[in-house]
């Protein structure tokens with residue numbers, strides 16, 4: 001089959017109703033390189049960039065509660081930061097650019113998808129126009 005590896009998709013294909021940040025941006029652990037005493041952050045195999053993760057809630061009203069929270073992995077040299085909170089909303093709306101999905105079979109034998117992105121931004125700032133939001137290094 002000619003289709004191998006990550007599949008490029010648009011934000012609208014993955015989250016047609018939008019999504020909201022519901023967790024902190026965290027480093028993804030490289031389970032092969034880490035030990036009990038030493039944490040090693042995962043790096044993307046094709047780009048070499050560090051891998052971060054953020055939990056988002058899919059706003060699709062037809063999803064079951066267990067399907068609403070999705071982990072999006074972010075590829076960035078520096079820790080991405082979520083857009084600022086919006087007044088009157090309990091969660092921060094967010095959009096992603098340069099998204100890929102990688103299908104895999106999970107532990108229960110069901111088809112699942114790993115979602116990766118290069119840019120996390122506020123909605124309406126324009127696909128591909130926003131620079132990746134990063135936390136300044138001290």
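FYI, it's all coordinate maths here, none of it is from the lab. Just so you know, these numbers come straight off a predicted model, no measurement behind them. Heads up, the Cβs are rebuilt from the backbone with ideal geometry, glycines too, and the neighbour counts pull from every protein chain shown.
From the list 49, 3, which residue is surrounded by 11 or more Cβ atoms within 10 Å (Cβ to Cβ) and over 14 Å from residue 114 (Cα atoms)?
Only one candidate passes the filter, namely 49.
Residues in the stretch 59-66: is at least one out of contact with any helix residue (DSSP H, G or I) (no Cβ under 8 Å at 6 or more places or on another chain), farther than 20 Å from residue 125 by Cβ and surrounded by 15 or more Cβ atoms within 10 Å (Cβ to Cβ)?
no
Can you tell me which residue within the stretch 69-82, out of those that are outside any strand (DSSP E or B) and under 14 Å from the mean Cα position of the chain (by Cα), is surrounded by the fewest Cβ atoms within 10 Å (Cβ to Cβ)?
81
Pairs, please: C-beta under 7 Å, at least 6 apart or cross-chain, first residue without any contact (Cβ under 8 Å) to a residue 40 or more places away in the chain and in the stretch 100-117, second in a loop (DSSP other than H, G, I, E, B) and surrounded by fewer than 13 Cβ atoms within 10 Å (Cβ to Cβ)?
112/106
Does any residue of the stretch 17-24 turn out to be assigned to a loop (DSSP other than H, G, I, E, B) and loosely packed, with under 13 Cβ neighbours inside 10 Å?
Within the stretch 17-24, one or more residues are assigned to a loop (DSSP other than H, G, I, E, B) and loosely packed, with under 13 Cβ neighbours inside 10 Å.
Any residue in the stretch 28-39 that is under 20 Å from residue 111 (Cα atoms) and without any contact (Cβ under 8 Å) to a residue 24 or more places away in the chain?
Among the residues of the stretch 28-39, not one is under 20 Å from residue 111 (Cα atoms) and without any contact (Cβ under 8 Å) to a residue 24 or more places away in the chain, which makes the answer no.
On the given criteria, is residue 33 out of contact with any strand residue (DSSP E or B) (no Cβ under 6 Å at 6 or more places or on another chain) and in a helix (DSSP H, G or I)?
no
Mind checking which residues of the stretch 25-46 are loosely packed, with under 13 Cβ neighbours inside 10 Å and within 21 Å of residue 99 (Cα to Cα)?
Scanning the stretch 25-46 gives 45, 46.
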